[in-house]
Amino acid sequence: MVPIDLKEYEWKINLRQLTMDDFEDLIAMQERCFPGMTLWKRDQIESQIATFPEGQICIEIDGKLAASSSSLMLDYRAEMSWHDWTKVADEGYIRNHNPKGDTLYGIEIMVDPEFRGLKLSRRIYDGRKELCRKKNLARIIIGGRIPGYGQHADKMTAREYVEAIVDKSLFDSVLTAQISNGFSLRGLISDYFPSDTASRGYATFLEWLNLDYQKGAKRRFHNPVEPIRIAAVQYLMRPISSFDEMAQQCEFFIDVASDYKCDFVLFPELFTTQLLSCVPTSRPGQAARQLSEFTPQYLDFFTEMAVKYDVNVIGGSHFAVEQGELFNISYLFRRDGTLGKQYKLHITPSERKWWGVSPGNKVEVFDTDCGTIAILICYDIEFPELVRIAAQKGAQLIFVPFNTDTKHGYLRIRHCALARCVENHLYVAVSGCTGNLPFVENSDIHYAQSAIFTPADAEFSRDAVAAECNANIETMIIHDLDLEMLRRHKESGSVQNWNDRRRDLYKVVYQEDGEEKEV
């Protein structure tokens, strides 16, 4: 079996500026999103793109327009006619755009019905927020539709309806999403868009405040705090009857991580061995190779989950057969639809004895939208040279999916992960399995205490443990990490292990792609 081409499983997702080449697709999408409403004219879109190209953005999935957003900048004045989008947005031409304004006004967001359920509106709102921070704007203001109101208009007023949305007793496909993306309801506007019969012409007046805003400052291009949010899953191994049963439990954790707006979610090593409970019993080596048959389903599933829930997923690890050899591989599923993989480099004695696993030969690092990361599978974190190599390549965060049977095995992972943080000024997140798999040889019992570790210094968490699970229960931890803090610590920490290495006495020399390299 040749290695699977990961490109075949990738989704090509691109958030970019809108161009006039998108016009026909944009209008077709608008008709599907807002049937019966007045469509954009070509000269309006031409004017928007010419006047403020950064504010006109879209999302393209596999070459197809999936979502769009239009906006302009203004100076905030309380007396401005925020209730009348035609005045605020110059009837869609935005010739009143003010490059020195302090407020971003959102005209419209559209998500094609074909692509709904993929949290594309969150990506659009995040794009607007990033533009707001980059331009040092104080706020975003939008007038939002309430398309669910038409179904309740005979029973309640518009005010009662939006209050019910805010207190979560009702759901609105637009307003609920806006509130979940950090917007606050400031008012209700009547006759905002009379042709919007679903909203009965009403719109909400919503505001998002930029907490990084500095009044009177020039445009800011660097944020002194660079937080990323990590979720580490402690996964309960139990007998299952199908791949779908495992997928349902995985989706639950990814959904929760997405609700908490996590940037990464980490699953344990070889948690897919629970699939052995639903295939015919065979010798361990043959059973491990049977797991490889699930690889296409595994790749399809996690690629869709990363895109759908807008979170980067480290899918634990999984057995795959390539060129007749069995490998233990951890796959990265980025939320932009692209994939990467890391082979396990050091094979434990039990993996060789029971399954016949072969080792990989390269430490990979992966660029993500939240910095450079590396993945080291279980035993690999116990070899300090590998993290030296990853750190030299720019990794600031090491993800370690692990699978240990006893507390002694877990403690080896834990103590080595803590040491790697100190040695290299980086963060390490570890995720393991708990529970039992009766009659699955070499994967029958599990011990885990998933955790997120930091360097040991005054500015970090006590005991260098940012967060940790209670041992041996199914749960998930979520924690924010600051990458800028790592940079400062590496330059001015109480000890500077990386800078103080005696490379005149020792160095790490390794082979990669036929070349000899050193750290």
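At a glance:
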item	result
The range 191-294 - Debye-derived log10 I(q)/I(0), Cα point model, q = 0.16, 0.23 Å⁻¹	-0.86, -1.19
For q = 0.16 Å⁻¹, Debye-computed log10 I/I(0) when each Cα of the range 35-103 counts as one equal scatterer	-0.63
Cα long-axis angle, helix 120-134 against the chain (0 to 90 degrees, to the nearest 10)	80 degrees
Relative contact order, percent, the range 441-519 [alpha-carbon distance under 8 Å, six or more residues apart]	18 percent
For the range 245-301, convex hull volume per residue from C-alpha positions, Å³	83 Å³
Residue-averaged [θ]222 nm for the chain, counting only DSSP H segments that reach four residues, each worth -39500 (n - 2.57)	-8000 deg cm²/dmol
Among 428-439, 175-186, the order from most to least packed when residues are scored by Cβ within 10 Å on average	428-439, 175-186
P(r) histogram, all alpha-carbon pairs of the chain included - 20 Å bins from 0, percent	21, 47, 29, 4, 0
Ratio of the Cα radius of gyration of the range 433-489 to 2.2 N^0.38 Å, where N counts its residues	1.54
Estimated FRET transfer efficiency (Arg186, Asp457; beta-carbon r; R0 51 Å; 0.05)	0.75
The range 1-124, Cα convex hull volume normalised per residue, Å³	137 Å³
Area of Tyr309 that stays accessible when all protein chains are in place (1.4 Å probe, Å², to 10)	20 Å²
Cβ charges +1 (Lys, Arg) and -1 (Asp, Glu), total dipole of the chain, debye	1120 debye
For the range 348-394, convex hull volume per residue from C-alpha positions, Å³	85 Å³
Lys353, Lys134, reordered so the largest accessible area comes first (probe 1.4 Å)	Lys353, Lys134
Against the rule of thumb 2.2 N^0.38 Å, how large the Cα Rg of the range 84-126 comes out	1.47
Expected-Rg normalisation [2.2 N^0.38 Å, Cα atoms] applied to the range 315-357	1.30
Per-residue HN-Hα couplings for the range 418-428 [Karplus 6.51, -1.76, 1.60; θ = phi - 60°; Hz; x = Gly/Pro]	4, 5, 4, 4, 5, 5, 10, 6, 9, 9, 10
Per residue accessible area in Å² of the range 1-90, where ligands, DNA and RNA are left out and the probe is 1.4 Å	50 Å²
Rough spin-label spacing in nm, given labels placed 7 Å along Cα→Cβ, for Glu163 and Val508	6.1 nm
Protein accessible area in the chain, 1.4 Å probe - carbon and sulfur %	49 percent
Percent of Cα pairs exceeding the 17 Å cut-off, where the set is the range 126-272	71 percent
Zero-based 5 Å bins, Cα pair distances in the range 271-392, whole percents	2, 11, 20, 21, 19, 15, 9, 3, 0, 0
Kirkwood Rh, angstrom, the range 133-193 [1 / mean 1/r, Cα pairs]	12.7 Å
Contour excess over end-to-end distance, with Cα ends at Phe439 and Asp244 and 0.36 nm allotted per residue	68.1 nm
Mean projected area (nm²) of the alpha-carbon convex hull when the range 379-514 is viewed from all directions	10.2 nm²
Computed accessible area, Thr406, all protein chains, 1.4 angstrom probe, square angstrom	50 Å²
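The values are calculated or read from the model by the stated rules, or taken from the named source; none is laboratory data. Small disclaimer: the values here were computed from a predicted structure and weren't measured. Quick reminder, even Gly has a Cβ in these numbers, built from the backbone with ideal geometry, and neighbours come from all protein chains shown. When the accessible area is computed, the model is the full protein with side chains, heavy atoms only, and any ligands, DNA or RNA have been set aside. Shrake-Rupley method; radii C 1.70, N 1.55, O 1.52, S 1.80 Å.
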